[in-house]
1. On a 32 Å Cα-Cα criterion, which of the cross-link pairs A:51/A:244; A:117/A:158; A:162/A:362; A:77/A:133 come out too long?
2. Given the C-alpha atoms of region A:167-239, compute the convex hull and give its volume per residue in Å³.
3. With a Förster radius of 41 Å, plug the Cβ-Cβ distance of residue B:27 and residue A:293 into 1/(1 + (r/R0)^6) and report the FRET value to the nearest 0.05.
4. Leaving out ligands and nucleic acids, and using a 1.4 Å probe, what accessible area per residue does region B:1-146 come to in Å²?
5. At each listed q (0.11, 0.14, 0.15, 0.26 Å⁻¹), what is the log10 of I(q)/I(0) that the Debye formula gives for region B:1-64 modelled as equal alpha-carbon point scatterers?
6. Suppose we keep just the DSSP beta bridges with both residues in chain A; what percent of those would be antiparallel, to 5?
7. Per residue, what accessible area does region A:141-288 have, given a 1.4 Å probe and all protein chains present, in Å²?
8. For residue A:65 paired with residue A:362, estimate the spin-label separation in nm (one decimal), with each label point 7 Å from Cα along the Cα-to-Cβ line.
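The values are calculated or read from the model by the stated rules, or taken from the named source; none is laboratory data. Keep in mind that what you see is a predicted model, and the values were worked out from it rather than measured. Ideal geometry is used to build each Cβ from the backbone, glycine not excepted, and the neighbour counts take in all protein chains shown. These accessible areas exclude ligands, DNA and RNA; they are computed on the full protein's heavy atoms, side chains included. Shrake-Rupley method; radii C 1.70, N 1.55, O 1.52, S 1.80 Å.
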Amino acid sequence: MNLQRGIHSMIEQIDGPMASFFSSCVHCGLCADACLFYTETQEPKYTPIYKLAPMRRIWQQQFTFWGRLLFKLGLSKPVTDEELAEWEPLVYDSCTLCGRCSLACPVGNDITYMVRKMREGMAASGHAPEGIKEATRRAIELGSPMGVTINTLKAHIKHAEKETGIAFPLDLVGADYLLVLSSAEIAVFSEIIPAVARIFHQAGISWTMASDGFEATNSGIQIGSSDLAAELVNRIVKSAEHLKVRYVISPECGHAYTALRWEGPNLIGRPFPFEVVHIIELLDQLQSSGRLKTTGTTDARMTFHDPCQMVRRGGVIDQPRNLLNKIASNFVEMPESGIQNWCCGGGGGVSANPRADELRLKVFSRKKSQLDAIAVKTMVTSCSNCRSMLEEGIEHYHMDTNVIGLTELIAEHLAEPSEEPKP
Amino acid sequence: MNQHALLFFLRGQGLKFAVIVFTFGLIYRLLHPVLLGRKKNLAAPRGGEWGPGMRTIWHRSLFPVRLTPRGHFIIIAGYIFHLGFLITLLFLSQHIELVKNTFGIYWPALPPGAISIAAVLSIAALAALFVHRITDPVKRLISDFQDYLVWVLTLLPLLTGLALDMAADYQRMLIVHIISVELLLIAIPFTKLAHMLTTFSSRWYNGAIAGYKGVKA
Ligand code: SF4
Ligand code: SF4
């Protein structure tokens with residue numbers, strides 16, 4: 001039965017950190033103030049640790065002395081299907097896995113880690129939002145959560161080749177770098193495709209894309225199904241191995257980075273024979289080694305929205321700032337920036353879940369107040385999902401702010417391409 | 001059993017029992033996560049685990065920089081309670097005397113007046129936190145029976161200890177005080193009071209997980 005499968009999966013998810021975290025929580029309530037879903041709604045049910053309540057009871061009933069005793073005596077209420085159904089919106093709609101609560105808990109609980117694990121049980125019990133289920137199904141069956149196919153990509157490539165005059169190396173065996181993209185980049189922000197081509201061309205790196213592993217979005221991670229997540233990651237791994245690349249470039253998509261860089265090897269159960277590098281990390285490397293040269297600066301006041309999975313949960317923190325400081329003379333930080341920045345509201349599968357739209361737009365007020373505080377009209381970011389979410393939020397609140405992708409901004413400031421392409 | 005014999009028992013066998021339950025119980029609570037373990041992380045690390053883990057243990061003890069008003073209240077009251085409790089526990093001359101008689105080690109005591117202030121402040125913080133727990137919507141929602149139980153168990157030794165100075169029957173009050181202490185000791189490993197140790201493992205894990213990715217948690 002689904003319920004039993006879900007409970008069993010949650011029990012399986014309880015490892016050392018989980019046991020320690022559940023043991024340590026003193027119900028102080030501080031995590032609430034770190035979570036935009038609470039701060040912007042003031043609804044107590046959005047307190048991060050409360051989202052774990054059913055799993056906490058399972059931990060008590062299975063792993064603690066009193067909990068076990070009371071459970072055996074029938075004095076501790078078993079977790080029911082109705083309860084999990086009730087918790088579904090808390091675990092999915094009101095958590096973007098942004099990681100902010102994990103930095104705030106005084107006893108040290110990594111609540112985001114806990115929610116990620118609880119989702120495994122929720123998905124196993126069938127209690128995941130339809131929107132994310134659908135996205136995951138499309139990813140598994142069609143190869144992309146947004147239904148993007150290789151033909152869509154090829155059309156963009158053709159277009160970009162015409163625009164830039166640079167040939168696109170598709171399925172090039174022996175290239176150094178394999179570039180993967182997110183669905184949103186292919187479907188919505190396709191400007192990124194010519195942008196990377198021009199940058200890589202100037203820097204003279206040997207790169208390729210794979211026709212059977214170009215999609216980096218990983219809905220499996222968001223829904224909390226390690227099996228499906230592994231299958232999606234494996235497509236890229238297979239392509240990378242087949243093409244014998246040394247690096248895989250994770251695109252401007254936060255969750256894709258987490259899926260590939262941090263969860264990937266653990267999902268497929270072996271270390272990668274290649275390195276995963278975030279595109280922004282790579283651009284920073286190229287710039288500091290002098291291979292990527294930019295020219296001119298923009299004096300427009302600009303700020304940077306930190307994609308949670310790239311920055312707080314991913315560790316690519318200074319690189320976007322290094323890059324921006326080179327080309328933006330008026331770069332200003334938001335009041336809380338870097339690992340303390342606030343989520344766009346649409347990470348962790350929330351953007352794929354239409355049921356959560358209203359709540360997501362409501363809690364965007366946090367980003368709005370951050371922007372209001374510095375009165376900046378241009379927000380740079382490096383995650384296509386954040387970008388969509390920011391644009392929707394800006395429209396919803398009738399704000400006069402535009403959002404641009406960092407990679408494209410760099411491409412706009414590329415120094416004249418050298419005549420001779422480097423070998 | 002007369003009062004004298006009861007006191008004798010509580011100070012002897014009773015205390016021994018409570019200390020044994022406390023010690024082994026807590027060791028088990030700390031060992032449990034370690035035994036459950038973690039899957040080996042196969043992703044290539046960007047940073048270390050040990051250093052960042054230790055850093056987070058230290059860092060989360062410091063006063064957080066950004067807090068809302070309710071955050072300020074929780075942290076300040078929390079600090080006062082913990083510090084007051086520890087000062088009373090560790091620097092009251094009678095407590096030091098007890099440790100000296102049992103283990104032979106000792107350290108300087110604080111004057112009784114200072115201890116009374118610490119204990120009163122600690123009690124006041126506990127009272128304030130209780131009121132906050134039942135009035136703050138977030139805390140009321142997330143609190144369970146154990147939160148109230150451990151609140152009582154923690155408060156009793158402080159209250160009864162303070163009452164010793166004013167007690168008409170010192171010996172009887174001492175008995176009540178020692179019982180409350182032994183109850184607390186026995187309860188710690190079985191309740192969320194185990195956070196007195198597991199908070200260190202939690203912070204370490206948190207810092208280590210982030211540190212591995214090159215983030216300072
Ligand atoms: S901040 Fe930490 S200890 Fe406090 S309620 Fe949240 S998870 Fe529990
Ligand atoms: S990870 Fe972010 S959205 Fe989820 S509970 Fe924590 S603070 Fe809230």
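1. Pairs exceeding 32 Å: A:51/A:244; A:117/A:158; A:162/A:362.
2. Spread over its residues, the Cα hull of region A:167-239 gives 92 Å³ apiece.
3. 0.10
4. Heavy-atom SASA per residue in region B:1-146 reads 63 Å².
5. -0.57, -0.72, -0.77, -1.07
6. Working: 1 of 22 bridges.
Taking every DSSP beta bridge within chain A, about 5 percent pair in antiparallel fashion.
7. Roughly 35 Å² per residue, with all protein chains present.
8. 4.3
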